[in-house]
Amino acid sequence: MLEWKKEPIFCKRIRLLRELRGLTQRALIPVGIKQSYLANLETGKIPNPSPEMIVNLAKGLGVTAEDLVSGTELEHTFTATELPVRAYCPNNVCPKLRLNQIDTGMLIPYRFSIERSQASKDKVYEAKFCPYCGKKLLIACPSCKEPILIEDPQQIHCMLCGKRIFEKLTEEQIKSVKGQI
Ligand SMILES: [Zn+2]
Ligand SMILES: [Zn+2]
């Protein structure tokens, strides 16, 4: 059995594996792990990293996410199938809606969404504003604070709590989008 697999404490396993790979704490920045985050994780200050972060850590350390948690205290709470947290533009006249519509050929376009953690060169930042219209992105349902899941392009309510998240697209907005194609 590999040495790091014998370590049952997740934070210690991360540090051990990183050191075995000869990586610095900054080496995981390109996969979306900030140096400060990793430092806190390795010292046990972040006991419950999100599934998204575990997937990113695994990518950066060259193992599968399942192997990374296997035999640790996180083994039974981690599910790799969890969706990455996305941020949505709430603007019904966002130019990206038109572009989505052209791309997909759909009458009503899917809302523009972006992965919340964006990596650029050696920096990681959280996407806060829509790059197409500048409106503040929504990262969670304003009512239940859970990540937003979208099943249908016309969906305006939260799938978890049923409260409204987005304004309904008006006939005029749909028509004006149609007119642009
Ligand atoms: Zn937008
Ligand atoms: Zn909700």
_strands (runs of 3 or more DSSP E) completely within the range 15-133 that count 3 or more residues being within 16 Å of ligand 1 (Cβ to nearest atom)_ = 86-88, 113-115
*For the range 38-70, enumerate the residues that are surrounded by fewer than 17 Cβ atoms within 10 Å (Cβ to Cβ), under 23 Å from MET1 (Cβ atoms) and either in contact (Cβ under 8 Å) with a residue 24 or more places away in the chain or in contact with a Cys (Cβ under 6 Å, 6 or more places away or on another chain) (or both).*
GLY62, ASP67, SER70
_Every residue in the range 133-154 that is within 12 Å of ligand 2 (Cβ to nearest atom) and not small (Gly, Ala, Ser), please._
LEU138, CYS141, PRO142, CYS144, LYS145, GLU146, PRO147, ILE148, LEU149
*Does THR79 count as modelled with pLDDT under 80, more than 16 Å from ligand 2 (Cβ to nearest atom) and outside the structural domain of PHE10 (by TED's automatic domain parsing)?*
yes
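The values are calculated or read from the model by the stated rules, or taken from the named source; none is laboratory data. Computed from a predicted structure; not experimentally measured. Heads up, the Cβs are rebuilt from the backbone with ideal geometry, glycines too, and the neighbour counts pull from every protein chain shown.
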